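Visitor: The following block contains the structure, expressed as structure tokens.
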Amino acid sequence: MLEPLRAQGRVGVFPETIAGALAYFTVIPAIVFLTLDPYRKNAFTRYHAWQSIFFSAGTFVIGVVMWLLSLLLLFIPTLGQLLVALLSGLIGLAAVLIWVVLVVKALQGEAFKLNVIGDYAERQAGNA
């Protein structure tokens, strides 16, 4: 079994922890970190950049599914609107909480791994 990935120093102008956390602020920093040296050569930053991209894609897909589901539920008077508001609020809150955990764990120097997304990120980053 591999040792858990941890931040160990600096990469470019940032400490590894800051670079890892910045990768979660939209996909733009994540893509930048995957394309520019020395960030793309750093395993910790690369892992967080890939996990950020996969997390963003996953939340986008869930958002589209929720939008389609809301179109169906809105045909149910009152209860449908209530269900849409409740589900949207819960899913949005869960996404924000997961995002906060990812940023905090990156700032702590840990490669916190989400269940399915973390495995893909690990493979893409070459850490598996």
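The values are calculated or read from the model by the stated rules, or taken from the named source; none is laboratory data. Bear in mind the structure is a predicted one, so any value in this text is a computation, not a measurement. Cβ coordinates were reconstructed from backbone atoms using ideal geometry, including for glycine residues, and neighbour counts include every protein chain displayed.
Visitor: Inside the range 15-86, counting only helices (runs of 4 or more DSSP H) that do not spill past its ends, which hold 2 or more residues that are surrounded by fewer than 12 Cβ atoms within 10 Å (Cβ to Cβ)?
Guide: On the way: elements: 16-22, 27-35, 43-73.
It comes to 27-35, 43-73.
Visitor: What residue, of Ala106, Ala95, Ala121, Ala125, is surrounded by 12 or more Cβ atoms within 10 Å (Cβ to Cβ), in contact with a Gly (Cβ under 8 Å, 6 or more places away or on another chain), closer than 16 Å to Val27 by Cα and of a type in the set (A, V, I, L, M)?
Guide: The unique qualifying residue is Ala106.
Visitor: Give the range 105-127 a look and list any residue that's in a loop (DSSP other than H, G, I, E, B) and either of a type outside the set (A, V, I, L, M) or farther than 19 Å from Arg40 by Cα (or both), or say none.
Guide: The initial filter retains those residues of the range 105-127 that are in a loop (DSSP other than H, G, I, E, B), namely 108-109, 111-114, 126-127.
Once the filter is applied, which keeps residues that are in a loop (DSSP other than H, G, I, E, B) and either of a type outside the set (A, V, I, L, M) or farther than 19 Å from Arg40 by Cα (or both), the range 105-127 yields Gln108, Gly109, Phe112, Lys113, Leu114, Gly126, Asn127.
Visitor: Continuing with the same structure: Which residue out of Ala94, Ala19, Ala128 is at pLDDT below 85 and of a type in the set (A, V, I, L, M, F, W, C)?
Guide: Working: Ala94 fails: at pLDDT below 85; Ala19 fails: at pLDDT below 85.
It is Ala128.
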